[in-house]
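The values are calculated or read from the model by the stated rules, or taken from the named source; none is laboratory data. None of the values given here were measured: they were computed from a predicted structure. We work out accessible area using only protein heavy atoms, side chains counted, and drop any ligands, DNA or RNA first. Shrake-Rupley method; radii C 1.70, N 1.55, O 1.52, S 1.80 Å.
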Amino acid sequence: PTHFVIRMLVDQRQNTKIQDLSVQMTTEFVGGEGPVEERIYLKAPQRMRRIEEADDGALYVEKAGKFATGKVSNLKRGTGVVPELFATFLTPSADGAENASKYILSTLRAHGVDTSVISLGRFDGRVAFIIGARSWEKTKPQVWIDKDLFLPLRFMLPDAPGSSTIAD
């Protein structure tokens with residue numbers, strides 16, 4: 001079932017023909033300081049730039065599974081799995097829906113999401129598929145996908161052992 005939901009998400013994104021997208025959002029950290037205002041720029045396929053407005057312009061850049069972080073004048077290439085999932089979910093790779101679905105599932109697993117668990121829940125009045133946990137399991141890594149639009153609604157991913165980063 002999880003593969004079906006991810007495949008539908010990929011099909012929806014590829015059918016909308018998104019080329020460029022700008023998103024302004026607020027990220028809240030559980031047990032951390034106040035919310036952080038961010039602006040995200042997406043460009044298909046799988047390219048992303050994020051600027052944190054509360055951190056003097058901290059920058060995150062991603063392209064096709066590779067990423068770098070830092071200030072504009074001092075970007076450092078990251079290693080391991082991409083820490084951000086927006087580009088992965090909203091502008092999936094153009095090398096075929098099946099490959100894009102497999103990439104998203106492997107990225108979720110690398111973030112600790114148990115892709116064998118899927119349930120339904122409500123978020124902000126919207127019915128959502130919850131991948132990785134049940135709706136009441138707030139400490140498990142999980143991703144919420146809108147049941148009708150197949151858009152990501154919520155990411156709850158480990159920030160450090162024992163905590164979760166929540167981006168709504």
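Structure above, values below:
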| item | result |
| --- | --- |
| Carbon plus sulfur fraction of accessible area for the chain, probe 1.4 Å, in percent | 53 |
| Three-way shape call for the chain based on the alpha-carbon gyration tensor, with the a/c threshold at 1.5 | oblate |
| Length gained when the stretch LYS43-LYS66 is fully extended (0.36 nm per residue, less Cα-Cα span) | 6.8 nm |
| Å² of accessible area per residue within the chain, as computed with a 1.4 Å probe and no ligands counted | 54 |
